[in-house]
Amino acid sequence: MGYIKKSIKKFKDDVLSKGIYDILKWLFVFLILLIPSRWIPYVNGLLITKHSISIYWILIASILLITVTTLIVSYLFNNKIREVLNNNHTDELTGLRNHKALDEYLNQKIHEHKTKGDALSIVILDIDDFKSFNTTVGFNVADQILKKVGELLGNDKRATDETFRYFNRGDEFLVVATETSLGQAYQAAERKRKLIEKNLFSIEGVSHQLTVCCGVTELKKGDDYTAITNRVIEALNEAKKISGKNNTKSIV
């Protein structure tokens, strides 16, 4: 978060200072045009000649110029903020939103739940035995596998779902399912689990098959971010205890 604040402050200092400079520059030019003729006779002559532009048109043009400059500066500033936030909230490997984005998004949805009362569930998916898989195939191949799993999960979602990579170097993915009950989230988790199980991930001509375990839970009254994520991890751990793994558990 500190990096975001520094980036935004730097951009604000650079762009807004330039924008203010431009506005003041044109205001100065406009005032120069209105200096009395005894100070600059040529300007006065230009203003009163019948061939010159009316002083009112000069005023309007100056106001328009200041307005346009302000709008452009504001547009560039807002675009830069969005770019900084997007880059800071996106996992570089998978292209999914990252843990920082999850923290903000889930807290926002928990707050909305308190006011609207809509159901809210989360699903966590963990690739089975990925550490040993990582050791066997190497980090580069493992990273490409994670990228493909992220793409698969990112494409397999409803309008009410948002998918995140849970940790930067981890093999867990988390889905926040708004307007979704525990039973509905369980069905969604099972669909994702079977989708991954049936998929062949081809890397450099070699096909790899994976399975995942899923944990599912629904937001309860009084839950905060820590409570609901701790409970979904507990559900995941229960699923991983089953022989052969590759299954889904839910905790109310």
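If you take the residues of region 157-177 that are in contact (Cβ under 8 Å) with a residue 40 or more places away in the chain and more than 17 Å from the chain's Cα centre (by Cα), which of them is nearest to T217 (Cα to Cα)?
Restricting to residues being in contact (Cβ under 8 Å) with a residue 40 or more places away in the chain and more than 17 Å from the chain's Cα centre (by Cα), the top hit is E172.
For (1) in contact with an Asp or Glu (Cβ under 8 Å, 6 or more places away or on another chain); (2) free of Cβ contacts under 8 Å to residues at least 12 places away in the same chain; (3) closer than 16 Å to L125 by Cβ, each residue gets a yes or a no:
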site: N155; (1), (2), (3): no, yes, yes
site: A185; (1), (2), (3): yes, no, yes
site: T211; (1), (2), (3): yes, no, yes
site: D223; (1), (2), (3): no, no, no
site: K249; (1), (2), (3): yes, no, yes
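Within region 75-97, identify whether any single residue is within 18 Å of R169 (Cβ to Cβ), modelled with pLDDT of 65 or more, open to solvent by 50 Å² or more (accessible area, probe 1.4 Å) and part of a helix (DSSP H, G or I), and answer yes or no.
no
If we only count strands (runs of 3 or more DSSP E) wholly inside region 119-232, which ones have 1 or more residues that are aliphatic (A, V, I, L, M) and open to solvent by less than 80 Å² (accessible area, probe 1.4 Å)?
120-127, 172-178, 200-203, 206-209, 212-218
Name the pairs: first residue in region 87-99 and among the basic types (K, R), second residue part of a loop (DSSP other than H, G, I, E, B), Cβ to Cβ under 6 Å, at least 6 apart or on different chains?
Final answer for the pair search is R97/H89.
At pLDDT 95 or above, in a helix (DSSP H, G or I) and of a type in the set (D, E, K, R): does that describe K245?
For K245, the condition - at pLDDT 95 or above, in a helix (DSSP H, G or I) and of a type in the set (D, E, K, R) - is not met.
The values are calculated or read from the model by the stated rules, or taken from the named source; none is laboratory data. In this text, all values refer to a predicted model and were calculated from it rather than measured experimentally. For neighbour counting, all protein chains shown are included, and Cβ atoms are generated from backbone atoms with ideal geometry for every residue, glycine included. These accessible areas exclude ligands, DNA and RNA; they are computed on the full protein's heavy atoms, side chains included. Shrake-Rupley method; radii C 1.70, N 1.55, O 1.52, S 1.80 Å.
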